[in-house]
Amino acid sequence: METRKIPSVLSGFLLVSPIFVFMTLSGHVLFPTAHAGSAIHTHAPVVVASKPGRPFATTTVRIPGLAYKQTMRGAYDANPGETIWFDITVNYLPEGNGPRIVVSNALRASSMESFRAAVSAAAQAVGYPAEYIEAALLIQRAPQGAIDGPSAGGILAVSVAAALLGDTLRPDVCMTGTITPDLAIGPVGRVTDKIVGCAEVKAKEMVVPRGLASFELTTKSLSYNITVTEVSTLAEAYEWVTGKPLRSVN
């Protein structure tokens, strides 16, 4: 996930009353017609699930998103890594007309799409009908600027799956990596910068896509006393991040 220093985007990011964008997994984007601080009613296309989803308790989990600053060409930043704190809330949607996705407007298109894909992947992985899911991704603390990129997709999918299964996330683990439709954890860029974010949150282990544990990353991780673990699939990532196996809700 990349953060960009863009003044025009920053002006929207710092609004006291945030604006939210609603979208469905079918790709529809639903814009609220009321002020963000009031009750907003949006309706996704009605989809009849093959099997009703079992009600589950509303769960909110806070996770660190690992990002890096995009500097001007030729500029040097001694500390390019940054941490973005996200709150993910997963609710049961009794009408079964979801999935309903809520995101902060500080996220750019690729990050919104990444969350949409993460909810879909999590539902698929645990065998829960996505039509009964409402998921919100809100930013609690972030650097100035727009937030862009899909590299948090993996940890977002793990978080949604954990909410559906009633598991908790290990507080000493951070993660970067995209999520793909076949539930694989895909590669991301600038991992050696992102480990700075792991150190900021005092993580002891960093989960990364397989093939990215370079000599440079290993050397830098040792300086922070962080263990780097490579994974290929959502199931592998889930077990490392939660300490429990990924399984069906049934």
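Read-outs: derived from the displayed coordinates by stated rules, not from any lab. Keep in mind that this is a model prediction, so the values were computed, not measured. So basically every Cβ, Gly included, is an ideal-geometry build from the backbone, and we count neighbours across all protein chains shown.
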Taking a crude spin-label model, label points 7 Å out from Cα along the C-beta direction, the Thr60 to Thr168 distance in nm is 1.7
Quote the FRET efficiency, to the nearest 0.05, computed for Trp85 versus Ser248 with a Förster distance R0 of 30 Å and r equal to the Cβ-Cβ distance.
0.50
What size of dipole, in debye to the nearest 20, comes out for segment 134-250 about its Cα centre when the only charges are +1 on Lys and Arg C-beta atoms and -1 on Asp and Glu C-beta atoms?
220
The answer for the net charge of residues other than Ser248 whose Cβ lies under 14 angstrom from its Cβ, with Lys and Arg +1 and Asp and Glu -1, is +3
Summed residue charge, Cβ within 11 Å of Ala237's Cβ, Lys/Arg positive, Asp/Glu negative:
-2
In nm, what is the difference between 0.36 nm times the number of residues separating Glu95 and Leu222 and their Cα-Cα distance?
40.7 nm
